[in-house]
Structure formats: C-alpha cells, structure tokens
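All of the numbers you see were taken from the coordinates with simple rules; none came from a lab. Not measured: the values here are computed from a predicted model. Backbone-built Cβ (ideal geometry, glycine too); neighbour counts: all protein chains shown.
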Amino acid sequence: EHFIEDLNYISSYYSFQRKLSNLSFQDLISEGGEKLIKEIVEKTCGMFKSNKIDAFIANSTHTYSNRIPLKAAQMVGLPTFVFLHGIPFPFYYEEPERSDYMIVWSEKIKENFVKMTNYPANRIYVSGHPLYTKLKHDTFRFSFDNVLIICPSCEAERNQDRGNMVWFLYQLESVLKKMGAKHARFRPHPHED
C-alpha cells in the first residue's frame, strides 16, 4: 500500500473544498469559480505526476471529488476506471466520455449498462462481488409470503416532493395485495431520509 503524503496537495484540496462550499451559484459560474476549479485540476495533475500514479479508479463520476481527479487523469494520459457499486441508472449516459473503463459486478449488469448507455462493451470489466461468489443458487424459492422491497435511490429528486415516496409505497402495497402478498419489508436506499 502507498498513501499519498503530499501535504501541499492535501492542504490545497481541503482549501478548495472550503472555498467551493462558500460560493454562491453566481460566484461558482463566474471566472473566479472557473479559475478555482482549474487550479485544483492542475494541482491534481501535478500530484499524479509527482507520485507516479499509473491509473485512477473512482466509485462514480457524479461528485466533484471524483470528477476532478478523473479530469486530471485524462489530462495527463492516465487510464481511468469507474468501479460501479450498484445497478446503473439512465443518467449514466455520459460515462463513456468521463472514464476509459467501467468495472461492474456481473455480466447481466454489463449487458444492461450497454443497453442503457451505449457504453462500449469492450471497455467494461466484470469483477464479480465477494458476497455472492459462495451463494448457493439452489436455495432460492419464489413466493409472496415474505416480500423484500429494495428501493432505488431518489438522490436526484431529493429536493422535490417527498410525498412521491409515500405514493410509491402505497402503489407497491396495492399491487402486492392483489398478488396475494402476506408480508412485505421495505429497505430504502441509504440516501433516503
């Protein structure tokens, strides 16, 4: 293991985070906001070079904490990977431009990712998932006696009407009752409040 111990870069990055959190929208889209972002991208490029980094792996492309190093890695010619930690959503359509390669848990996720995003199949690697490698497939059964509902994240709609989630649950209840479900458990995505 090797940790980046470049204190100047670490200090610059946290300073960037503080400045960014205090900018208004108008400041963010101003020349000053653009300059602030360009500076941290350039410093990230320098950090990659000085630490002789061979590749960059991110867990998504949807946060600035991943977009900045992904952009810097592309600028210095490092291969970039996104290790998708779940099921892809339609808003992943920009992924081919943001990363060189994608890593997913299964062949089925890869197949669906290609369908939904047109991400080139030859740039997607299947890693598997350690929790499921020893799972016995003959133990599965199908019934409506005890249903588990796993809800996707509504992160993009977080600031919209929260009543939509309640409406969603009532719709699920209605459908499950019609199908004869006796019991259901709801497990929201960790983003949900």
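Return the FRET efficiency for the residue pair ASP54, LYS178: r is the Cβ-Cβ distance, R0 is 45 Å, and the value is rounded to the nearest 0.05. Walk me through the numbers before you get to the answer.
Details: r = 55 Å, r/R0 = 1.22.
FRET efficiency, ASP54 to LYS178: 0.25.
Shape call for the range 1-90 from the C-alpha gyration tensor, a ≥ b ≥ c root eigenvalues: rounded (a/c under 1.5), prolate (a/b greater than b/c) or oblate?
oblate
At R0 = 30 Å, how high is the FRET efficiency between GLU34 and ASN164 if r is their beta carbon distance? Nearest 0.05 is fine.
The formula returns an efficiency of 0.30 here.
Please turn the phi angles of the range 98-110 into ³J(HN,Hα) values with the Karplus equation 6.51 cos²θ - 1.76 cosθ + 1.60 (θ = phi - 60°), one per residue in order, whole Hz, x for glycine and proline.
9, 8, 7, 9, 10, 10, 10, 7, 8, 4, 5, 5, 4
Run the numbers for ARG67 and ASP145: contour at 0.36 nm per residue of separation, minus the present Cα-Cα distance, in nm.
Length difference between fully extended and current span is 23.7 nm.
In whole Hz, with x marking every Gly and Pro, tabulate ³J(HN,Hα) for the range 62-67 from phi via Karplus 6.51 cos²θ - 1.76 cosθ + 1.60, θ = phi - 60°.
These are the phi-based 3J(HN,Hα) values: 9, 10, 5, 5, 9, 5 Hz.
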